[in-house]
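Reviewing the structure listed below.
The values are calculated or read from the model by the stated rules, or taken from the named source; none is laboratory data. Being a predicted model, the structure only gives us computed values, none of them experimental. Here the Cβ positions follow ideal geometry from the backbone for every residue, glycine too, while neighbour counts run over all protein chains shown.
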Amino acid sequence: MRTNVSSNAVISLPQAMAHSDDILTAAQKLASAVHKARKKRLEEEQARELAERLRHEVREALKALPEGDYSGHLHIEKTIQRELVKANNDVDRAIDGANREAEKSEQAYADLLAVLLNNHASQ
């Protein structure tokens, strides 16, 4: 028994075949955007983990100082503060990048739908 796939599809098979290059291009853009968005989210997660590890190191280093060692305290704070600022900036950049890639994914999805729906409307 043969099923007619076109009966439940957004566009018919002949339309899909006629516009396969446009559909493929739009689908590839979507796949690329989604891949980049996932990669940016992973970078964001890694940057957050690094910042948290640095904060933990600061706490541990400060606990290890002898009571009243203010010069050691200041040295640790100054040294690690630079690293924390850098790590927090990395988190911010990763978040911004992930948000941009998510927007690109949404646009790529909208573009794919436009290709499919415009071809459907011209039926």
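Go through segment 64-86 and give me each residue that's among the hydrophobic types (A, V, I, L, M, F, W, C) and touching a residue at least 12 places away in the same chain (Cβ under 8 Å).
First, the residues of segment 64-86 that are among the hydrophobic types (A, V, I, L, M, F, W, C): 64-65, 74, 76, 80, 84-85.
76, 80, 84, listed by residue number.
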>> Testing residue 115 on (1) of a type in the set (A, V, I, L, M, F, W, C); (2) over 30 Å from residue 11 (Cβ atoms); (3) within 26 Å of the chain's Cα centre (by Cα), one condition comes back false. Which one is that?
In response: (2)
> From the list 61, 33, which one is touching a residue at least 40 places away in the same chain (Cβ under 8 Å) and crowded, with 16+ Cβ neighbours inside 10 Å?
Replying inline: 33
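Please go through segment 62-92 and give me each residue that is of a type in the set (D, E, K, R) and farther than 17 Å from residue 46 by Cβ, ordered by number. Quick ask: steps written out before the conclusion?
Keep residues of segment 62-92 that are of a type in the set (D, E, K, R), which gives 63, 67, 69, 77-78, 82-83, 86, 90, 92.
Matches in segment 62-92: 63, 67, 69, 77, 78, 82.
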> Filter segment 3-35 for residues that are in a loop (DSSP other than H, G, I, E, B) and under 13 Å from residue 114 (Cα atoms); which is modelled with the highest pLDDT?
Replying inline: 19
>> Suppose the filter is farther than 18 Å from residue 110 by Cα, modelled with pLDDT of 85 or more and either surrounded by 12 or more Cβ atoms within 10 Å (Cβ to Cβ) or not hydroxyl-bearing (Ser, Thr, Tyr) (or both); does residue 38 pass it?
In response: yes
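Here is a check on your reading of the model: is residue 55 over 30 Å from residue 13 (Cβ atoms) and without any contact (Cβ under 8 Å) to a residue 24 or more places away in the chain?
Working: over 30 Å from residue 13 (Cβ atoms): yes; without any contact (Cβ under 8 Å) to a residue 24 or more places away in the chain: no.
For residue 55, the condition - over 30 Å from residue 13 (Cβ atoms) and without any contact (Cβ under 8 Å) to a residue 24 or more places away in the chain - is not met.
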>> Looking at (1) modelled with pLDDT of 90 or more; (2) of a type outside the set (Ser, Thr, Tyr); (3) on the phi > 0 side of the Ramachandran plot, which one does residue 68 not meet, given that it meets all the others?
In response: (1)
> Which members of segment 63-98 meet the condition of being of a type outside the set (D, E, K, R) and more than 35 Å from the chain's Cα centre (by Cα)?
Replying inline: 64, 65, 66, 68, 70, 71, 72, 73, 74, 75
